[in-house]
Amino acid sequence: MAQRTPSRTSDDLRRLHFINSLFAHATGHDLYLAEQIKSAITFSLAELEAQTTAHPELAQKYDAAFNAAAAELLTKVFATHPRHGFYHWDASLTLASATPLFTRAEVMAGLKRLAPFRESTLLITNLRHALLPPNRRATPRRRREYEEALAFIRDLAAARTARSANLQLLFL
């Protein structure tokens, strides 16, 4: 059996946590149903791993397609919940999107839009790809910038969200 690369394993876990958090709201925290969903996702990821091992050029296309589909799915799910706010920011829209200045502006725009809601979700996609491009070397500087961006967004969201609000911050 082929060995998984560390980045592929972390990507799979990241997706699995995302899907589990998405479906927790839909399942009402039913552990049996959540385990069935998890099993189906795990099986699908195993099939995907076999396909991307055979055709590595598909991995990057899959990541982009997964992120876009997840954002679209969340938009549809939360459109049916008028009391739950939702905001999506794609950090790879422009070359400057993931810089600290534009990151702050985008996150603040999202938080302002979510402020009226007691429960809300802020989805940030492609931040990793914007700061750690898959076709370039992941230098210590790039890794540090990515970790700093994550910490900055978490701190900003914590500081600018009312204590009574329940904000889910999802990175994909």
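Structure above, values below:
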{"quantity": "Where labels lie 7 Å past Cα in the beta-carbon direction, separation of residue 166 and residue 95 in nm", "calculated": "4.3"}
{"quantity": "Net length gained if the chain between residue 119 and residue 72 were fully extended (0.36 nm per residue, minus Cα distance)", "calculated": "15.0 nm"}
{"quantity": "Rg [Å, one decimal], Dmax [Å, integer] - the range 83-123, C-alpha atoms", "calculated": "11.0, 34"}
{"quantity": "Stokes-Einstein D in µm²/s, Kirkwood radius over Cα pairs - the range 46-172 at 25 °C with 0.890 mPa s viscosity", "calculated": "155"}
{"quantity": "Carbon and sulfur %, accessible surface of the range 56-150 computed with the full protein complex present, 1.4 Å", "calculated": "58"}
{"quantity": "About the Cα centre, charge dipole magnitude for the range 53-131 (Lys/Arg +1, Asp/Glu -1 at Cβ), debye", "calculated": "340"}
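The values are calculated or read from the model by the stated rules, or taken from the named source; none is laboratory data. Just so you know, these numbers come straight off a predicted model, no measurement behind them. Every residue, glycine among them, receives a Cβ derived from its backbone with ideal geometry; neighbour counts consider all protein chains shown. Note: accessible area is taken over every heavy atom of the protein model, side chains too, but ligands, DNA and RNA are not part of it. Shrake-Rupley method; radii C 1.70, N 1.55, O 1.52, S 1.80 Å.
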